[in-house]
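This report refers to the structure that appears directly beneath it.
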């Protein structure tokens with residue numbers, strides 16, 4: 001590992017440690033009736049430099065810290081909510097994560113399977129993000145068609161819930177109709193190792209990507225795809241593409 005990479009990790013670890021301390025200190029000002037202050041710890045990819053892990057463990061054990069430039073220990077009473085998208089047990093076996101810190105954090109584990117393993121959660125999450133984006137983007141209320149929702153449920157979601165949120169936001173921006181159709185969602189091909197894609201799915205994603213790159217110009221997109229414009233028009237109609245063709 002280069003000196004530059006190590007220094008970056010050290011800085012990230014220090015920022016993470018300081019963030020925990022700041023949340024612990026400021027929480028009583030926000031909810032003084034709560035007997036516990038709440039600190040949220042996001043272990044990004046489970047990679048913390050050894051020095052930061054030691055400092056974090058020391059803080060969790062003693063529940064004390066010193067302010068920058070201070071000399072007096074300050075005691076806090078916190079509940080730590082730690083999250084990660086990595087297998088920390090494997091990181092412990094590989095020597096990348098401290099065993100004692102892992103067991104200190106792993107008091108009540110809650111394992112949330114990836115979205116691809118719980119397709120039944122896709123519709124309520126999509127509806128939630130739809131309502132959220134309706135307010136954020138100040139757009140008229142819309143609904144997702146049954147065909148589009150079925151497509152979202154079949155998708156593997158390699159980017160998990162964040163990818164679903166981004167997909168809904170993009171569909172809200174490009175949709176021209178009161179309903180969000182399958183063509184409004186630009187989903188990338190499934191990651192290697194996932195369920196095999198049909199030829200039609202691969203073709204749909206590629207055609208919609210080319211249409212985006214051509215700015216909605218069907219004549220230009222047909223030239224890039226090496227198919228005639230009528231064929232492209234029919235395929236877009238089948239995909240639910242509703243944006244008018246921009247012929248310039």
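List every residue pair whose Cβ atoms lie under 7 Å apart, where the two residues are 6 or more positions apart in sequence or sit on different chains, the first residue falls within region 54-70 and is at positive phi, and the second residue, located anywhere, is at pLDDT below 85 and exposed (fewer than 14 other Cβ atoms within 10 Å of the Cβ).
From region 54-70, the pairs are 63/75; 63/77.
Determine if region 185-201 includes at least one residue that is modelled with pLDDT of 80 or more, in contact with a helix residue (DSSP H, G or I) (Cβ under 8 Å, 6 or more places away or on another chain) and closer than 16 Å to residue 131 by Cα.
Scanning region 185-201 turns up no residue that is modelled with pLDDT of 80 or more, in contact with a helix residue (DSSP H, G or I) (Cβ under 8 Å, 6 or more places away or on another chain) and closer than 16 Å to residue 131 by Cα.
So residue 135 clears everything in (1) in a helix (DSSP H, G or I); (2) surrounded by fewer than 13 Cβ atoms within 10 Å (Cβ to Cβ); (3) touching a residue at least 60 places away in the same chain (Cβ under 8 Å) except one condition, right? Which one?
The single condition residue 135 does not satisfy is (3).
Among the residues of region 212-229, count how many are part of a loop (DSSP other than H, G, I, E, B), within 34 Å of the chain's Cα centre (by Cα) and modelled with pLDDT of 85 or more.
Residues meeting the conditions: 1.
Could you check how many residues of region 75-87 are under 25 Å from residue 159 (Cα atoms) and either assigned to a strand (DSSP E or B) or at pLDDT 85 or above (or both)?
Total satisfying the criteria: 3.
Looking only at region 58-74, which residues are farther than 18 Å from residue 104 by Cα and not in a loop (DSSP other than H, G, I, E, B)?
Scanning region 58-74 gives a single hit, 74.
Among the listed residues 127, 177, 120, 163, identify the single one that is out of contact with any helix residue (DSSP H, G or I) (no Cβ under 7 Å at 6 or more places or on another chain), within 30 Å of residue 48 (Cβ to Cβ) and outside the structural domain of residue 89 (by TED's automatic domain parsing).
Only one candidate passes the filter, namely 163.
The values are calculated or read from the model by the stated rules, or taken from the named source; none is laboratory data. The structure displayed is predicted, hence computed values, not measured ones. Cβ sites come from the backbone with ideal geometry, for glycine too, and all protein chains shown count toward neighbours.
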